[in-house]
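Structure first, then comments.
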Amino acid sequence: GLLEPKKYTSMSIEEVITQVDEIHYNKEYDQIYELLEPLYEENPDNIEVMWRFARAKFDKANENKGINENLRETYVRDGHEIASRMIELYPDEWAANKWKAILLSSMTDFLGTKEKIRVTYEIREYAKKAIEINENDSSTLHLLGRLSYRVAGISWMERKIAKALFGEPPQISYEETLGYFLNASEIKEDFIKNAMWIGHTYVKLNDKSNAKEWYEKALTMTIVSDEDKIIEAEIKKSLKSV
């Protein structure tokens, strides 16, 4: 009957997704991208395909950081477009809110100061909604930590702009920031980027012994991708200053 091709398609979607999830663990981003691109073209409204392709764009963007910024921006903007469509179609889904937050956060690198401040508070709302839906999501907790770190450290001038935009912007402390990162590390222990940011936050709290401990701990963690290698170099540099 007419249902046959549809059944076959959904079956093959599941197979591709299973394969993608297996190889994502090893951070084989090029292969993942090649698998997902045709799948997304055929299934542009399937949320399971959408969020993974948005993630693939994000991973490819990160691989180009500091190497090819134009290409990085293209991947980020494409990924953000998918995430925005997910929010339109599935506003209450965890994956839609999570990837909207992550990709909008990456977009801030390409925005002016005023826009960047406005967007930071918007990202926080998406990230918080994602955590309300799924509290055991280490990468969104990490993102909330990063956003809070950014807001905790905004300058007097930026705060003035924020005040003009929002009335009284939310005040965020480094203590609150640390809480998000520590929660993320409880869920996912071997998370080098998160461990580094715990170190950075302790530095802001003038707690050098804990900062040193977390930087050293971070250096014992698994390094797989090029991004991990960049993080490792940053940790070694940070360790010299504590």
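The values are calculated or read from the model by the stated rules, or taken from the named source; none is laboratory data. It should be emphasised that the depicted structure is a prediction, and the values quoted were computed from it without experimental measurement. Positions of Cβ are backbone-derived with ideal geometry, glycine not excepted, and every protein chain shown enters the neighbour counts. Areas reflect the complete protein model, heavy atoms only, side chains present, ligands, DNA and RNA absent. Shrake-Rupley method; radii C 1.70, N 1.55, O 1.52, S 1.80 Å.
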Between rounded, prolate and oblate, where does region 166-237 land on the alpha carbon gyration tensor, with a ≥ b ≥ c its root eigenvalues, rounded for a/c under 1.5, else prolate if a/b exceeds b/c? prolate
Along the positive direction of the dipole of region 41-88 (beta-carbon charges: Lys, Arg +1; Asp, Glu -1; about the Cα centre), which of Tyr75, Met86, Asn43 reaches farthest? Tyr75
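Using Cα-Cα distances under 8 Å and only pairs 6 or more residues apart, what relative contact order does region 144-197 have, in percent? Walk me through the numbers on the way to the answer.
Details: 35 pairs, mean separation 22.4, N = 54.
Averaging sequence separation for qualifying contacts and normalising by length gives 42 percent for region 144-197.
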Connecting C-alpha atoms closer than 10 Å in a GNM of the chain, tell me which of Ser105, Ser84, Ser12 has the biggest fluctuation. Ser12
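Using a simple charge model, +1 on the beta-carbon of Lys and Arg, -1 on the beta-carbon of Asp and Glu, nothing else, what dipole does region 79-210 show about its Cα centre, in debye to the nearest 20? Before the final figure, lay out each step's value.
Details: 18 positive and 19 negative charges, 122 e Å.
With only Lys, Arg, Asp and Glu charged at Cβ, the dipole is about 580 debye.
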Could you size up the charge dipole of region 18-128 around its Cα centre, putting +1 on the beta carbon of Lys and Arg and -1 on that of Asp and Glu, and report it in debye to the nearest 20? 700
Helix-derived [θ] at 222 nm for the chain: sum -39500 (n - 2.57) over DSSP H runs of at least 4, divide by residue count, nearest 500? -25500 deg cm²/dmol
Spin-label pair Glu125/Ala233, simplified geometry with 7 Å Cα→Cβ offset, distance in nm: 3.8
Dipole magnitude (debye, nearest 20) for the chain, charges at Cβ of Lys, Arg, Asp, Glu: 1380
What figure in square angstrom, to the nearest 10, would you give for the accessible area of Ile13 with a 1.4 Å probe? 20
Compare Ser148, Ser138, Ser209 in a GNM of the chain, Cα atoms joined below 10 Å, and give the one with the largest fluctuation. Ser209
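Would you please classify the overall shape of the chain from the alpha carbon gyration tensor, given that a ≥ b ≥ c denote the square roots of the eigenvalues, rounded means a/c under 1.5, and beyond that prolate means a/b larger than b/c while oblate covers the rest?
On the way: a/c = 2.00, a/b = 1.46, b/c = 1.37.
Prolate is the answer for the chain, as a/c is 1.5 or above and a/b outweighs b/c.
Considering Cα pairs under 8 angstrom that are at least six residues apart, work out the relative contact order of region 57-129 and quote it in whole percent.
Relative contact order of region 57-129: 26 percent.
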Holding the Cα-Cα limit at 29 Å, pick out from Lys188/Lys208; Lys193/Lys240; Lys65/Lys116; Lys57/Lys212; Lys60/Lys98; Lys160/Lys237 the pairs that are longer than that. Lys57/Lys212; Lys160/Lys237
Taking the chain as a Gaussian network, Cα atoms linked when under 10 Å apart, which of Lys100, Lys229, Lys212 shows the biggest mean-square fluctuation? Lys229
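With the contact rule set at Cα under 8 Å and sequence spacing of 6 or more, what percent relative contact order holds for the chain? Don't jump to the answer; show the numbers that get you there.
Working: 279 pairs, mean separation 28.6, N = 242.
Relative CO of the chain lands at 12 percent.
With all protein chains present and a 1.4 Å probe, how do Val224, Val20, Val242 order by accessible area, largest first?
Numbers: Val224 70, Val20 0, Val242 45 Å².
From most exposed to least exposed: Val224, Val242, Val20.
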